[in-house]
Structure formats: C-alpha cells, structure tokens
Amino acid sequence: MTIRDLVRPLEAWAFLDPAGEWLSAKVNALLGDGPAKTVLSGTLLGHPLHPALTDLPIGALTAATIMDVLGGDAGGSTADALTVLGLLSVAPTALSGASDWADTVDAERRLGLIHALANAGSSALYLAALVSRRGGNRGVARVFSLAGLGVLATSAYIGGHLVFGRGVGVDHNVFEEAPGDWTRVAREGDLAPDKPLLASAAGYGVLLYSHAGTVHAIAARCTHAGGPLDEGEVDDDLCVTCPWHGSRFRLADGSVVRGPATAPQPVFEVQIVEGNIEVRLRQG
C-alpha cells in the first residue's frame, strides 16, 4: 500500500458535496469572470499561479519548525519571524487556490476542500506555536510547530495528488496528438457562416468557424478543464467563450483573452481543396 492508496478513499466522501457546492458558488460569485479571476488563475503567467505561491508559506513554515527544533533558545526570534512570514503568505496563496478549486467538481472538489481544511488547520497550529513561543513556552511551541508541519505535509501531498493524480490545472490538450499533416475534417458546404462546427481530424476535436470568407480552426477541447468550445458563444471580436468556466480564446491564434485558462488553444492552418476543408496543426 502507498500513501496514494490512503488518499483515494477521500475522493468518495460525498458528504462533503453540499458544503463544497455552497462554498464554490460563493467563491465564483465573489470573483466573477473578470480581471480578478484571470490574475488569480495565472493566465498572465501562462501557468497556474497557485503552485508558485505555495513555495513561500511551505518554505517559511518548514524553516520555522527547523529553527524551533534545532535552533535552541537563540532560534526563537528567527522562528517567530519565519512563522509570521509564512502565515502572512497563506492569504494570497489560499485565494489563488480557492479560485482554481471553485472550478472543480466531484472527487476533485472533495479533495480540494480537504486540502483547504488541512491548510487551515496547519495555519492554526503554527499560530498556536507563535503564541506559545512569544509567551516563553518553547516546549509547547515545538509541539505545535511539529504538528503544524505534519498537517502541512499532508495537505501538500493532497495538493500534489490533485495535480498529478487528478489532472487539476494541467493543459487538457497536451497529451492528445493533433495532426501535423493536412487532414480532411469537413465539406465546405457543412460549415455555415458565423456558426461553430465541431469536426474531427483523425479523432482530434477541431472547432471550425467561418467569418467573412475566412475559416478559423482551433482545438475544440478547452485547455482549462476540457470544456466543449463548440458549444460556446463567439463574439464580435472573433473570440470563443468556454461554456463551462468562461475562459475566452481568440479564434485567429488560440491565445487566451480571459482566464481561468492559462494555456492557449492549439490552432490549425486551414485550406480548402476541391470543396474539402483540411487542417493541420500550426507550428510555432
């Protein structure tokens, strides 16, 4: 048995669903689908923001525990400073994580809620360690600090499982091979002007859209969470909005106009040969 085997049963804790649904609705209502969501998602970075922010609280709080255990009496002030730094950095880290979590469902939502609760518990233990240390009780502070580190490590493992075991935050198109050679996907007559069409390029979903005589083609599966872009709306700027979480992509080049998506859509070159629409993956 591995640690992963211990985590998997948590995915079936359906009793968490009512709380998860209520809280995710509150987070989505708070953030909306505007600039705040885009920034917290990491769209401007091209990668999710939350994993990058976790390094500071984990590093600072872990170092605080080390100073508590090995630093002796002289290490108390350093442990205090590191604990304060770690706890202050929890807020933006948690906010970015909540933004990502609000877009999950089912097992991922349950694990994310457990992850958040564990982080809150760890922060409470480190705060208790800080208060005990400032009160001159180093022995109790060490106990709280070690307990906080244990809960923090557990939470970090669950966070890693969400990414590497459940695929939260990864590009949902990265493991699908798009055709690099010209591939027939539809007849020209199948594509009505200004109306999205889902086509298949050797099994790879492609969104076709014709406007003013130009045919655009991008991957039909949203990079953020796999949503069906062919069911989304295309606006006057020729950008398509994912119907699941509101990510917005430019049809001309697949670039992300608005998060929560961080990775652009694969985009295709298009040619029409004898009435057949053919596509191939655009390189570079």
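Residues in the range 144-162 that are closer than 15 Å to L87 by Cα and either out of contact with any helix residue (DSSP H, G or I) (no Cβ under 8 Å at 6 or more places or on another chain) or open to solvent by 40 Å² or more (accessible area, probe 1.4 Å) (or both): F144, L149, V151. What do you reckon, is G165 surrounded by 15 or more Cβ atoms within 10 Å (Cβ to Cβ) and modelled with pLDDT under 95? Yes, satisfied. The lone criterion from (1) in a loop (DSSP other than H, G, I, E, B); (2) in contact with an Asp or Glu (Cβ under 8 Å, 6 or more places away or on another chain) left unmet by V279 is number (1). In summary, A252 fulfils each of the numbered conditions (1) under 16 Å from the mean Cα position of the chain (by Cα); (2) open to solvent by 20 Å² or more (accessible area, probe 1.4 Å); (3) not hydroxyl-bearing (S, T, Y) with the single exception of condition (1).
If you go through the range 40-64 and keep only what is β-branched (V, I, T) and either closer than 13 Å to L85 by Cα or not in a loop (DSSP other than H, G, I, E, B) (or both), you end up with T54, I58, T62. Among the residues making up the range 98-107, a single one is out of contact with any Gly (no Cβ under 8 Å at 6 or more places or on another chain), buried (at least 21 other Cβ atoms within 10 Å of the Cβ) and assigned to a helix (DSSP H, G or I): S99. On the basis of being touching a Leu at 6+ places or on another chain (Cβ under 6 Å) and in contact (Cβ under 8 Å) with a residue 60 or more places away in the chain, does S96 make the cut? It is false that S96 is touching a Leu at 6+ places or on another chain (Cβ under 6 Å) and in contact (Cβ under 8 Å) with a residue 60 or more places away in the chain. Of the candidates V90, V27, V39, the single residue that is open to solvent by less than 30 Å² (accessible area, probe 1.4 Å), under 30 Å from R248 (Cα atoms) and among the β-branched types (V, I, T) is V27.
Name every residue in the range 168-191 that is in contact with an Asp or Glu (Cβ under 8 Å, 6 or more places away or on another chain) and surrounded by fewer than 18 Cβ atoms within 10 Å (Cβ to Cβ), in order of residue number. Listed by number, the residues that qualify are W182, R184. Is at least one residue of the range 76-87 small (G, A, S) and within 24 Å of the chain's Cα centre (by Cα)? Taking every residue of the range 76-87 in turn, at least one turns out to be small (G, A, S) and within 24 Å of the chain's Cα centre (by Cα).
Failed condition for E269, given (1) under 23 Å from V163 (Cβ atoms); (2) touching a Lys or Arg at 6+ places or on another chain (Cβ under 6 Å); (3) open to solvent by 60 Å² or more (accessible area, probe 1.4 Å), with all others met? Result: E269 fails condition (1) only.
Screening A199 on (1) assigned to a loop (DSSP other than H, G, I, E, B); (2) hydrophobic (A, V, I, L, M, F, W, C); (3) modelled with pLDDT of 95 or more shows it passes everything except condition (1). The listed residues are D237, D194, D230, and the only one of them that is open to solvent by 50 Å² or more (accessible area, probe 1.4 Å) and on the phi < 0 side of the Ramachandran plot turns out to be D237. The single condition from (1) in a helix (DSSP H, G or I); (2) farther than 24 Å from H47 by Cβ; (3) open to solvent by 40 Å² or more (accessible area, probe 1.4 Å); (4) aliphatic (A, V, I, L, M) that A141 fails is (3).
The values are calculated or read from the model by the stated rules, or taken from the named source; none is laboratory data. Fair warning: this is a prediction, and the values are worked out from it, not measured in the lab. Methodologically, a virtual Cβ is constructed for each residue, glycine included, from the backbone with ideal geometry; neighbour enumeration extends over all protein chains shown. Heavy atoms of the whole protein, side chains included, go into the accessibility calculation; ligands, DNA and RNA do not. Shrake-Rupley method; radii C 1.70, N 1.55, O 1.52, S 1.80 Å.
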